[in-house]
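The structure under discussion appears below in the form of structure tokens.
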Amino acid sequence: MRSEFETELNNLHIRFSEMAMMVNEAIKKAVTAFITHDQDLAQQVVVDDQKINNREMDLEKKSFEMIALQQPVTSDLRMIMTVLKASSDLERIGDHAVSIARADLRLHEKSTLPDVEKLIQQVSQQVETMFTQAIESYLQEDDQRAIEIAQQDNDIDRLVQKIKHLCIMDMKNDAQTVENGTSYLSVTNYLERMGDYITNLCEWVVYLKRGKLADLNCRDDQQNRKY
């Protein structure tokens with residue numbers, strides 16, 4: 001029975017990791033589509049999101065089944081709970097990738113703001129890097145690394161504020177940029193929320209390793225907090 005349970009637990013871990021790769025791909029494609037104005041790629045992100053949603057529901061169902069039938073304790077229960085909760089965060093990140101893709105479908109190329117797009121590309125690269133590192137910390141069960149990764153969200157937040165300021169100034173100076181400017185602001189907000197959900201993933205890594213919840217959604221004045 002124990003051997004069978006360990007196999008199920010390992011399969012749960014693998015399927016969660018696969019979902020993380022699917023979400024990572026969605027982020028990359030959505031941002032690439034937005035920056036390059038590739039509407040075919042954007043549409044692909046929208047269509048593929050159903051696979052992410054299906055995987056999240058599958059992991060939720062399997063997690064509840066394992067808890068009900070196996071009644072796991074301590075580290076086994078933490079692993080299942082981590083997958084259950086973190087997969088929900090992954091699904092939300094995927095939803096924001098879809099929102100970015102849909103923003104591209106609404107964009108008018110004649111009124112683009114190149115300087116804003118460059119900054120959006122920069123913050124999206126930071127989000128991608130943070131996401132990849134967070135998943136690596138999960139795979140390695142490296143709680144200290146997860147705490148360090150979560151602090152990168154402050155850099156994302158600062159760049160987001162810079163984008164918003166620049167975008168609003170451009171919209172004030174040229175009324176023709178208002179429609180696209182609104183899309184840029186929306187995409188920036190989606191990226192900012194992705195950073196928040198990635199921070200949540202880091203919190204679940206800490207929970208997995210230590211068995212306690214940690215609030216890693218800190219700002220600059222809280223970065224020196226000890227965990």
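The values are calculated or read from the model by the stated rules, or taken from the named source; none is laboratory data. If you're wondering where the values come from, they're calculated on a predicted model, not measured in any experiment. Cβ atoms come from the backbone with ideal geometry, glycine included; neighbour counts cover every protein chain shown. Quick note on the areas: whole protein, heavy atoms, side chains included, nothing else; ligands and nucleic acids left out. Shrake-Rupley method; radii C 1.70, N 1.55, O 1.52, S 1.80 Å.
Of note:
- Single residue of 193, 219, 210 found to be at pLDDT below 90 and in contact with a helix residue (DSSP H, G or I) (Cβ under 9 Å, 6 or more places away or on another chain): 219
- Test: residue in region 2-17 that is assigned to a helix (DSSP H, G or I), of a type in the set (Phe, Trp, Tyr) and surrounded by fewer than 17 Cβ atoms within 10 Å (Cβ to Cβ): yes
- Restricting attention to region 150-171, the residues that are open to solvent by 30 Å² or more (accessible area, probe 1.4 Å) and modelled with pLDDT of 90 or more add up to 11.
- For residue 181, the conditions (1) at pLDDT below 95; (2) surrounded by fewer than 16 Cβ atoms within 10 Å (Cβ to Cβ) are fulfilled apart from (2).
- Of the residues making up region 71-88, those that are open to solvent by 10 Å² or more (accessible area, probe 1.4 Å) and in a helix (DSSP H, G or I) are 74, 75, 76, 77, 78, 79, 81, 84, 85, 88.
- In region 127-171, the residues that are closer than 18 Å to residue 99 by Cα and touching an Asp or Glu at 6+ places or on another chain (Cβ under 8 Å): 160
- Of all positions in region 140-153, none carries a residue that is touching a residue at least 12 places away in the same chain (Cβ under 8 Å), in a helix (DSSP H, G or I) and over 16 Å from residue 200 (Cα atoms).
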